[in-house]
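Each reported figure results from applying straightforward, stated rules to the coordinates on display, with no laboratory input. Small disclaimer: the values here were computed from a predicted structure and weren't measured. Neighbour counts run over all protein chains shown; Cβ positions are idealised from the backbone, glycine included.
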């Protein structure tokens, strides 16, 4: 039996932005990220969603410079809450807080 070695560089790249087609997809994606609790991952996920919609369009709608938005939404960034709120509004989603254990 011949075993072929596959190089990582030969694998297709995965870009989640390709699968975020509408507000509902973006909301579900961001909700999952928030539930995981990693603030760096949230910044990255907002960047993915912004790319899905068009970074320039989201930057304009959020009132943030495009380059500043890229910097704020890197995986290693810790964006301020007001930045997160502006980007969410520009994306057409909102952050909702729910009780962890409903009564």
Practice task
Relative to the longest principal axis of the C-alpha atoms of the chain, give the angle of the C-alpha long axis of helix 23-36, reported between 0 and 90° and rounded to the nearest 10°.
Solution key: 80
Problem - Degrees, to the nearest 10: 39-53 long Cα axis against longest axis of the chain - result: 90
Exercise for the section: Please find, in a Gaussian network model of the chain (springs between Cα atoms separated by less than 10 Å), the residue of 11, 42, 20 whose mean-square fluctuation is greatest. Expected result: 11
Fill in the blank from the handout: The relative contact order of the chain, taking Cα pairs under 8 Å that sit 6 or more residues apart, comes to a percentage of 27
Exercise for the section: Subtracting the Cα-Cα distance from 0.36 nm times the residue separation, let me have the gained length for residue 99 to residue 76 in nm, one decimal. Expected result: 5.4 nm
Problem - Sequence of 101, 44 once ranked by neighbouring C-beta atoms within 10 Å, starting from the fewest - result: 101, 44
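Sort 60, 67 so the one with the fewest other Cβ atoms within 10 Å of its own Cβ comes first. Can you show the working numbers first?
On the way: 60 14, 67 10.
Ascending Cβ contact count within 10 Å gives the list 67, 60.
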Practice task
Give the Rg (one decimal place) followed by the Dmax (whole number) of the stretch 22-91, computed from C-alpha coordinates and expressed in Å.
Solution key: 10.7, 29
Completion exercise
In deg cm²/dmol, rounded to the nearest 500, the helical mean residue ellipticity at 222 nm of the chain, built from -39500 (n - 2.57) for every DSSP H run of length 4 or more, is -16000 deg cm²/dmol
Exercise for the section: Measure nothing but the geometry: give the 0 to 90° angle between the long axis through the Cα atoms of 81-91 and the longest principal axis through the Cα atoms of the chain, rounded to 10°. Expected result: 70
Handout entry: Taking 29, 19, 70 and counting other C-beta atoms within 10 Å, the order from fewest to most
Key = 19, 70, 29
